[in-house]
Amino acid sequence: QVQLVESGGGLVQAGGSLRLSCAASGRPFSNLAMGWFRQAPGKEREFVVGISGRSSADADSVKGRFTISRDIAKNTVYLQMNSLKPEDTAVYYCATRAGSVTPDTRNWNYWGKGTLVTVSS
């Protein structure tokens, strides 16, 4: 069993930055894929960015603005979000799975409860 707890969400103006954190417990996550997803009001949950080993992948909508990283010693993964836009407003979720990164939400086994990011225009 893996527990994931996100933090770092909040209100930010367009063009600003935020860094989200996801602390994992229950299992060493160095050999797991970690991903960030988001869900805006009235929309489906979507893949944002993921990392597995030394490989990472990100959605076109956040390329060049969002970066994922992780601290294995702290069992924590981060999402650095720069140049935020109002359309980035959503609840952001951390997830993990064995294997490689996939954008399909159905293939991720464990999820955090999410943290809300609101970007004002």
> Name the residues in the range 20-36 that are surrounded by fewer than 16 Cβ atoms within 10 Å (Cβ to Cβ) and either among the acidic types (Asp, Glu) or assigned to a loop (DSSP other than H, G, I, E, B) (or both), would you?
Replying inline: Gly26, Arg27, Pro28, Ser30, Asn31
> Which of the residues belonging to the range 98-112 are open to solvent by 60 Å² or more (accessible area, probe 1.4 Å) and out of contact with any Leu (no Cβ under 8 Å at 6 or more places or on another chain)?
Replying inline: Ser100, Pro103, Arg106, Asn107, Asn109
>> Can you pull out every residue in the range 80-97 that is open to solvent by less than 20 Å² (accessible area, probe 1.4 Å) and more than 19 Å from Ser120 (Cβ to Cβ)?
In response: Cys94, Ala95, Thr96
>> Can you find, within the range 52-71, the residue that is most open to solvent (accessible area, probe 1.4 Å) among those that are more than 12 Å from the chain's Cα centre (by Cα) and more than 17 Å from Ser100 (Cα to Cα)?
In response: Asp60
> With (1) in contact with a Lys or Arg (Cβ under 9 Å, 6 or more places away or on another chain); (2) under 16 Å from Arg54 (Cα atoms); (3) open to solvent by 30 Å² or more (accessible area, probe 1.4 Å) as the list, and Val77 as the residue in question, which single condition is left unmet?
Replying inline: (3)
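The values are calculated or read from the model by the stated rules, or taken from the named source; none is laboratory data. In this text the structure is predicted, and so the values were computed from the model without any measurement. FYI the Cβ positions are ideal-geometry reconstructions off the backbone, even for glycines, and counts take in every protein chain you see. The accessibility values were calculated without ligands, DNA or RNA, using every heavy atom of the protein model including side chains. Shrake-Rupley method; radii C 1.70, N 1.55, O 1.52, S 1.80 Å.
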